[in-house]
Amino acid sequence: MALKRWALWRWLALAAAVGLVAAIAWTGHAASTPFTLGDLHLASDALHLVAASAWIGGLVPLVLLLGVTRCHRAWASLELDAVRRFSTLGVVSVAVLILSGFVSAWILVGSFRGLAVTFYGQLLMLKLAAFAAMLAFAASNRFVLTPRLALASDKARQDALRAISRNTLIEIVLGLSIFAMVGVLGTLHPAAHLVN
């Protein structure tokens with residue numbers, strides 16, 4: 001009975017966290033977009049925020065877990081399972097980020113000219129470059145390094161763990177830099193308002 005109650009509290013905590021993160025959408029540009037387009041923009045921003053939080057928020061516990069399990073061969077199946085599960089979460093998050101980011105850019109930037117000639121557009125392109133770098137490290141973890149965790153050789157497993165941990169730390173730094181850029185973007189007039 002206690003375990004069922006604990007599971008219920010975990011689900012409630014997850015729902016509260018998702019709701020709080022999604023609510024941030026109402027503090028940004030999406031909240032001022034009028035009519036039906038505004039509803040689309042709010043939904044897109046809420047999904048974007050939840051996906052970004054899931055991906056970047058999951059990186060810290062992943063790297064901590066890998067640091068602990070690196071010393072224990074008996075936990076090899078745990079680390080492989082954790083990396084695979086996080087990888088699935090990452091794929092779903094990236095798909096949502098790309099789709100919702102496209103919607104927001106279409107509304108807030110409006111044109112390739114707005115992307116190129118405004119500070120808002122240029123900072124958005126820098127954010128996209130950091131996102132692409134994160135994707136490169138994530139792809140390396142998923143397709144190159146994760147299969148090496150299943151190898152029988154302890155040295156190959158240790159090397160793969162070190163590389164995954166390093167790449168994950170780099171992803172965290174890139175993710176935090178993206179958060180900083182988003183903070184600045186939220187204070188700027190969108191490119192669509194500045195370019196005719």
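Results, tabulated for the structure shown:
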quantity: Accessible area per residue in Å² at 1.4 Å probe, computed on the chain; calculated: 59
quantity: Mean separation of Cα contacts under 8 Å (6+ apart) over length of the chain, as relative contact order %; calculated: 24
quantity: Prolate/oblate/rounded call for the stretch 1-117, Cα gyration tensor, a/c under 1.5 rounded; calculated: oblate
quantity: Extension reserve of the residue 182-residue 36 stretch, reckoned as 0.36 nm per residue once the Cα distance is removed; calculated: 50.2 nm
quantity: Most mobile of 153, 77, 111 in a GNM of the chain (Cα contacts under 10 Å); calculated: 153
quantity: Ranked by how many other beta carbons lie within 10 Å on average, peptides 6-15, 159-168, 124-133 from highest; calculated: 159-168, 124-133, 6-15
quantity: Fraction of accessible area attributable to carbon and sulfur, the chain (%, probe 1.4 Å); calculated: 74
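The values are calculated or read from the model by the stated rules, or taken from the named source; none is laboratory data. All figures in this text were calculated on a predicted structure; none of them were measured in a lab. Using ideal geometry, Cβ is built from the backbone for each residue, glycine included, and neighbour counts are taken over all protein chains shown. Note: accessible area is taken over every heavy atom of the protein model, side chains too, but ligands, DNA and RNA are not part of it. Shrake-Rupley method; radii C 1.70, N 1.55, O 1.52, S 1.80 Å.
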